[in-house]
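Participant: I am attaching a structure below and will ask some questions about it afterwards.
The values are calculated or read from the model by the stated rules, or taken from the named source; none is laboratory data. Since we're looking at a predicted model, the values are computed, not measured. Heads up, the Cβs are rebuilt from the backbone with ideal geometry, glycines too, and the neighbour counts pull from every protein chain shown.
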Amino acid sequence: MATPERAMMELNVALERTQAAPISVRVGHTPDMDDAFMFCGIATGAVPMRGLQFTHVIEDIQTLNRRAFNAELDMTAISAASYPALSDAYWVAAVGSSVGQGYGPLVISVSPRSPEELSGRRIAVPGRYTTAFMLLQLAIPNVQPVEMAFERIPEAVLKGTVDAGLVIHEWQLTYRDAGLLPVLDLGVWWQQQIKLPLPLGLNVVKKSLGRETARRVATVLRDSILYAFAHQDDALAYAMRYGRGTDPARSRQFIGMYVNEESLTISKPCREALRVLYQRAREASLISTVPRLGIIEPLKV
């Protein structure tokens, strides 16, 4: 029979092992070059993990939005438009945002059209929970959305299955190669209307992790982004695995559009832009409430 002293020693050893074991974190991000660039340092083991062990879930943004609604992931990329439904369960990480500066999702068609001509028309959209779709509804009310995977949208427009399409990701740069024409750049529209940056994508961290662990999660992502900035050629090569054939020059251009200073900290103008976006969406009855922005900061360097 074990003595009390030996039982206590075994308990202490077990506790030490438990404390030393890394905390498992399920993290979701998209198979897109901007996300891949930011997560390169984590995925390649180039940054310290701060007692965490990441399991990657790589899926399109609409699927990640749905997973977040079910609180399936500890940290995940989401559309900024989805945050009002998630604010009770998740903090916004102060790092990892995708923010446009006078550019954004693009409405395209096969023939010249004005935005007004698309009111009431069938428009292919990359998901009803995306920021792109929220902006489209604010800019062109009464559209008939046809939800489909974002990579199928240009083909649907070319075949005439829909009257126009709402494109995101690298198609914002390559749509002309397919013979398509721009109708409305929603980033330009936003800039003209609001005079603020356009927050499109956020990273959120589950509140149930606790603030200390959540800050460590945000810190690892910040370190990964800093690594990518410091090793741009390596990070670009990694990101281009998710580029779907996009050439290096356009890949670098696209990443530079959405991985910028706003990816390292959510600026005051960007925070104000989120508030304005949600207020406009509430006034248009697209969301029921304007959420309070709960932001989790990384640890100081």
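Participant: Checking THR246 against (1) touching a helix residue (DSSP H, G or I) at 6+ places or on another chain (Cβ under 9 Å); (2) in a helix (DSSP H, G or I), which single condition isn't satisfied?
Facilitator: With respect to (1) touching a helix residue (DSSP H, G or I) at 6+ places or on another chain (Cβ under 9 Å); (2) in a helix (DSSP H, G or I), THR246 is out only on (2).
Participant: I'd like to check which strands (runs of 3 or more DSSP E) are fully inside the range 113-219 and have at least 1 residues that are more than 19 Å from the chain's Cα centre (by Cα).
Facilitator: So the answer is 122-125, 144-147, 164-167, 181-185.
Participant: Hey, another quick one. Can you pull out every residue in the range 270-301 that is surrounded by fewer than 13 Cβ atoms within 10 Å (Cβ to Cβ), modelled with pLDDT of 95 or more and either of a type outside the set (S, T, N, Q) or in a helix (DSSP H, G or I) (or both)?
Facilitator: Selection gives GLN279, GLU283, ALA284.
Participant: Another question about this same structure. With the condition kept exactly as written, say whether any residue in the range 219-228 is of a type in the set (Phe, Trp, Tyr), in the same structural domain as THR63 (by TED's automatic domain parsing) and at pLDDT 95 or above.
Facilitator: Yes, that holds for at least one residue.
Participant: Can you name every residue in the range 196-248 that is among the small types (Gly, Ala, Ser) and either at negative phi or buried (at least 16 other Cβ atoms within 10 Å of the Cβ) (or both)? Spell out the reasoning first.
Facilitator: Going through the range 196-248, the residues among the small types (Gly, Ala, Ser) turn out to be 201, 208, 210, 214, 218, 224, 228, 230, 235, 237, 239, 243, 245.
Within the range 196-248, GLY201, SER208, ALA214, ALA218, SER224, ALA228, ALA230, ALA235, ALA237, ALA239, GLY243 meet the criteria.
Participant: Within the range 159-178, can you find the residues that are without any contact (Cβ under 8 Å) to a residue 12 or more places away in the chain and either under 26 Å from SER251 (Cβ atoms) or of a type outside the set (Lys, Arg) (or both)?
Facilitator: ARG176, ASP177
Participant: What is the one condition in (1) polar (S, T, N, Q); (2) within 30 Å of THR44 (Cβ to Cβ); (3) surrounded by fewer than 24 Cβ atoms within 10 Å (Cβ to Cβ) that THR130 does not satisfy?
Facilitator: THR130 satisfies all of (1) polar (S, T, N, Q); (2) within 30 Å of THR44 (Cβ to Cβ); (3) surrounded by fewer than 24 Cβ atoms within 10 Å (Cβ to Cβ) except (3).
Participant: Within the set of pairs 6 or more residues apart or between chains, which connect a residue that is in the same structural domain as PRO115 (by TED's automatic domain parsing) and surrounded by 13 or more Cβ atoms within 10 Å (Cβ to Cβ) inside the range 137-156 to a residue that is in a helix (DSSP H, G or I) and of a type in the set (Asp, Glu) with Cβ atoms less than 9 Å apart?
Facilitator: Pairs that qualify, where the first residue is in the same structural domain as PRO115 (by TED's automatic domain parsing) and surrounded by 13 or more Cβ atoms within 10 Å (Cβ to Cβ) and the partner is in a helix (DSSP H, G or I) and of a type in the set (Asp, Glu), are ILE140/GLU116.
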